[in-house]
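Report on the following structure.
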Amino acid sequence: MIEAVRPCVDGGRFPVKRTVGERMDVTADVFADGHDALRAVLRWRVAGADAWCEAPMQAAGNDVWRGSAHLKVLGRYQYGVVAWIDPFLTWRRDMQKKLAAGVAESVDFAVGAAQLRAARPRATQAQAAVLGGCLASLDGADAAARGQAALDDDLAAVMAELDERPFAVTSDLLEVVVDPELARFSSWYEMFPRSCGRPGQHATFADLEKRLPYVAGMGFDVLYLPPIHPIGRVHRKGPNNAPEARPDDSGSPWAIGAQEGGHTAVHPALGSLEDFRSLVRAAKGHGLQIALDIAFQAAPDHPWVEEHPEWFRQRPDGTVQYAENPPKKYQDIYPFDFECAAWRELWSALRSVLEFWIAEGVRVFRVDNPHTKCFRFWEWCIGTLKQDHPELLFLSEAFTRPKLMHRLAKLGFTQSYTYFPWRNHKQETVAYFTELCESGVLEFMRPNHWPNTPDILTEFLQTGGRAGFEIRLLLAATLGASYGIYGPAFELAEARAVREGSEEYLDSEKYQLRHWDLDSGDSLRRLVTRLNRIRREHPPLQWDTGLRFHGTTTEELLCFSKTAPAGGEAILVVVNLDPHHAHSGHVELQLESLGIGADEQFQVHDLLSGARYLWRTGRNYVALDPAAAAGHVFVVRRHLRREQDFDYFL
């Protein structure tokens, strides 16, 4: 019997997710009637391939068996468990017991000899030599030689190789999608290309190229651009979402499409398609992936509105239904009707948009509001695209109910925005991240934590001052393996809301050009750069697994540790969650999670400040003043033995 093969998502309806080079640990409940010895193997293959890879599984107690698969290439895999009763292993185990008890009889050796003779026709020359030598001993009269032959390790190895696996049982096949490492560990930077030029002037792709060293210098992997397409003129929004725009107002990039083209065109003020290609090449030269925003919606003057009116929902008065989220109205955006009579043609056209940008060298996409589009469309679209391009990444921008977020991840989205912006207090932060890491969600959903976006300026950032931004940056960059910031608004601590109680930015870049003073002395650029370097240099921060929260005697202090699946060093983070006041207290470490003995002396080295502290017990004092430093990012150094290890404390 093979039961409960894990990992498994929804009974195998959806694949689990891993990244290339990982070893995927698999467990299964394997048992049989009676007392015979069992063997089990984990097997896996790239979907569609003929050959299987196999690895032995080991019994871990209580009928649980464990094995691991090495996932070496990108793509979709199948995996399952094969188990069977092993007659020779059963005989060898029983002989070991009988020999130890001194009750082995001649007939017992004869049973084993018969198995060796039956296996000999299948043996190679080298295997036959091992079988022949052991048979001679088993058939001989020397009791010691017979016992030694019965328990011979070389014989056991040969018989395992020749095992025909009688009555083997195979579990149902499951699937795992293997993505690039960037899917598991990445740092994102969002910026509006039109704001990269001189004050008051619409910037170009060439201007954005000049900004690449700034972004790459901070250590980001992905440069995410809001829509770069022509912006509709009909019902164009003015500054601060004004319902009417002046002739020279830029409009919202998410109102896609005008007479210059739609989703496969670029805004003329940004440059040409060749200019965009140059940007993609230049970004790769700086170690950056360009991520494009995919917003499947149209401005009223998008060419498709006239060419394909059947793709939009018509109202009784003959007008097209614009987007609404009552009481909000978005007259500059027409949603597509994914359930229209011509849905097949619409779906194909939308997928062709992605195919177009893939051909232009884009491999990373941030998808706008996917939860308002048809779920089956995403499963079909992403699934078919990744058959030819398994390196693609899709970030789901769905700030919606958890079950919807989870479903989108199961359907194929590589990463997902989270509720992190609104988890500011200790209790809710601990509860939320514990749920993410311990509920099985990480088998299919990879969280990407953003403290701000062009749509989200939280109350904490509005009121927390520069320290508030530091706190949120520290948490985003260390709690999760992937995070992003919307800049330069973030590193320049832009905190002005359009009005009290709103999370919208005043003079939001969504509706107008902005000029940013990147050389401001108050910029968080140095801290961002330092944190991204720490993330690259320390593997525990490159995984969402291995997160453990530790107690503190002060509610305003949050303490947690990160470890990598392969073991090694541990990272310990302590953050003051109050941006306005200094707080001190004791952290109460769960030493076993850090690999530290109860009375072991160890060092914590702050990777932000360079300070080092010698700690001995599980309860140690911490004081943090946000005016100086909002937190510590410690690497835990264990096994200090020599006197010189402690010299720096003098």
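The values are calculated or read from the model by the stated rules, or taken from the named source; none is laboratory data. Remember, it's a predicted structure, so these values are computed and weren't measured experimentally. Glycine also receives a Cβ, built like all others from the backbone with ideal geometry; neighbour counts cover every protein chain displayed. Calculation scope for accessible area: heavy atoms of the full protein, side chains included, ligands and nucleic acids excluded. Shrake-Rupley method; radii C 1.70, N 1.55, O 1.52, S 1.80 Å.
Sort the stretch 74-144 into rounded, prolate or oblate with this rule: let a ≥ b ≥ c be the square roots of the eigenvalues of the Cα gyration tensor; rounded if a/c is under 1.5, and if a/c is not under 1.5, prolate when a/b is larger than b/c, oblate otherwise.
oblate
Report the FRET efficiency, 1/(1 + (r/R0)^6), for Arg281 and Asp455, where r is their Cβ-Cβ distance and R0 is 30 Å, rounded to 0.05.
Working: r = 31 Å, r/R0 = 1.02.
Step by step, r from the Cβ atoms, then E = 0.45.
Taking the Cα centre of each part, how many Å lie between the stretch 68-111 and the stretch 580-614?
After rounding, the separation between the Cα centres reads 47 Å.
Between helix 205-217 and the chain, what is the angle of the helix's C-alpha long axis to the longest principal axis, kept within 0 to 90° and rounded to the nearest 10?
The answer is roughly 50 degrees.
Run the numbers for His35 and Glu306: contour at 0.36 nm per residue of separation, minus the present Cα-Cα distance, in nm.
Details: separation 271, 0.36 × 271 = 97.56 nm, distance 7.38 nm.
Roughly 90.2 nm would be gained on extension.
Quick one: putting +1 on the C-beta of Lys and Arg, -1 on the C-beta of Asp and Glu, what dipole do you get for the stretch 506-609 around its Cα centre, in Debye to the nearest 20? Each step should come with its number before you reach the end.
Details: 10 positive and 16 negative charges, 103 e Å.
For this selection, approximately 500 debye.
Can you give the direction-averaged projected area of the convex hull of the alpha-carbon atoms in the stretch 1-142, in nm²?
Numbers: hull surface 46.6 nm².
Its Cα hull, projected and averaged over all orientations, spans 11.6 nm².
I need the peptides 142-148, 363-369, 298-304 ranked by packing, meaning the mean over residues of other C-beta atoms within 10 angstrom, with the highest value on top. Provide the component values of the computation, followed by the final result.
On the way: 142-148: 14.0, 363-369: 21.3, 298-304: 23.0.
Final packing ranking: 298-304, 363-369, 142-148.
Which value in nm describes the separation of the simple spin-label points at Arg23 and Lys98, placed 7 Å from the Cα toward the beta carbon?
Placing both labels 7 Å beyond Cα along the Cβ direction yields 3.7 nm.
Using only Cα atoms and rounding to the nearest 10 degrees, what angle (0 to 90) does helix 273-285 make with the longest principal axis of the chain?
The angle comes out at about 50 degrees.
I need the shape label for the stretch 169-237. Rule: rounded when a/c is under 1.5, else prolate if a/b > b/c, else oblate, with a, b, c from the alpha carbon gyration tensor.
Values: a/c = 5.02, a/b = 1.93, b/c = 2.60.
Verdict is oblate for the stretch 169-237.
What whole-number volume per residue, in cubic angstrom, does the convex hull of the C-alpha atoms of the chain give?
Working: hull volume 137.2 nm³, N = 650.
Here the figure is 211 Å³ per residue.
Below 8 Å, C-alpha to C-alpha, sequence gap of six or more: please give me the relative contact order for the chain in percent.
Numbers: 1291 pairs, mean separation 65.7, N = 650.
Relative contact order for the chain comes out at 10 percent.
For n ≥ 4 DSSP H runs only, could you compute -39500 (n - 2.57) per run for the chain, divide by its residues and tell me the 222 nm figure to the nearest 500? Walk me through the intermediate numbers first.
Details: 16 runs with 184 residues, N = 650.
Per the formula, -8500 deg cm²/dmol.
Please give the contour-minus-distance gain from Tyr419 to Trp52: 0.36 nm per residue of separation, less the Cα-Cα distance, rounded to one decimal in nm.
Working: separation 367, 0.36 × 367 = 132.12 nm, distance 4.05 nm.
Taking 0.36 nm per residue and subtracting the Cα distance, the gain is 128.1 nm.
Note the full-extension length gain between Asp154 and Thr553 as 0.36 nm times their separation in residues minus their Cα-Cα distance, in nm to one decimal. Before the final figure, lay out each step's value.
Values: separation 399, 0.36 × 399 = 143.64 nm, distance 5.87 nm.
Extra length from Asp154 to Thr553 when fully extended: 137.8 nm.
When a/c is below 1.5 the answer is rounded, else prolate if a/b is larger than b/c, else oblate, so apply that to the stretch 255-301 with a ≥ b ≥ c taken from the square roots of the Cα gyration tensor eigenvalues. Intermediate values should be presented prior to the final figure.
Values: a/c = 4.08, a/b = 1.88, b/c = 2.17.
Because a/c hits 1.5 or more and a/b fails to exceed b/c, the stretch 255-301 counts as oblate.
Report Phe205's accessible area, 1.4 Å probe, all protein chains in place, as a number in Å² to the nearest 10.
0
For the charge dipole of the stretch 284-324, defined by +1 on Lys and Arg C-beta atoms and -1 on Asp and Glu C-beta atoms about the Cα centroid, which residue among Ala295, Ala323, Gly285 has the Cα displaced farthest towards the positive pole?
Gly285
At Thr434 and Arg526, where each label point lies 7 Å from the Cα along Cα→Cβ, what is the point-to-point distance in nanometres?
For Thr434 paired with Arg526, the spin-label model returns 3.8 nm.
Using 1/(1 + (r/R0)^6) with R0 = 45 angstrom and r between the beta carbons of Gln125 and Thr384, what's the FRET efficiency to the nearest 0.05? Before the final figure, lay out each step's value.
Numbers: r = 50 Å, r/R0 = 1.11.
The formula returns an efficiency of 0.35 here.
To the nearest 10 degrees, how steeply does helix 125-139 sit against the main Cα axis of the chain, on a 0 to 90 scale?
That works out to roughly 40 degrees.
For Arg351 and Asp517, what does the FRET efficiency come to when R0 = 45 Å and r is the distance between their Cβ atoms, rounded to the nearest 0.05?
Details: r = 42 Å, r/R0 = 0.93.
Efficiency for this residue pair is about 0.60.
Could you check the spin-label model distance between Ala168 and Gln590? Points 7 Å from the Cα along Cα→Cβ, value in nm.
4.0
Starting from the residue with the highest accessible area, list Cys8, Cys134 in decreasing order, probe 1.4 Å.
Values: Cys8 55, Cys134 15 Å².
Sorted by accessible area, descending: Cys8, Cys134.
Separation of the stretch 150-183 and the stretch 314-331 by C-alpha centroid, Å?
Spelled out, the Cα-based centre of one part sits 59 Å from the other.
For the stretch 238-373, what does the relative contact order come out to in percent, with C-alpha contacts under 8 Å and a separation of six or more?
On the way: 157 pairs, mean separation 36.9, N = 136.
27 percent.
Considering only protein heavy atoms, what is the solvent-accessible area of His286 at a probe of 1.4 Å, reported in Å² to the nearest 10?
So the heavy atoms of His286 present about 80 Å² to solvent.
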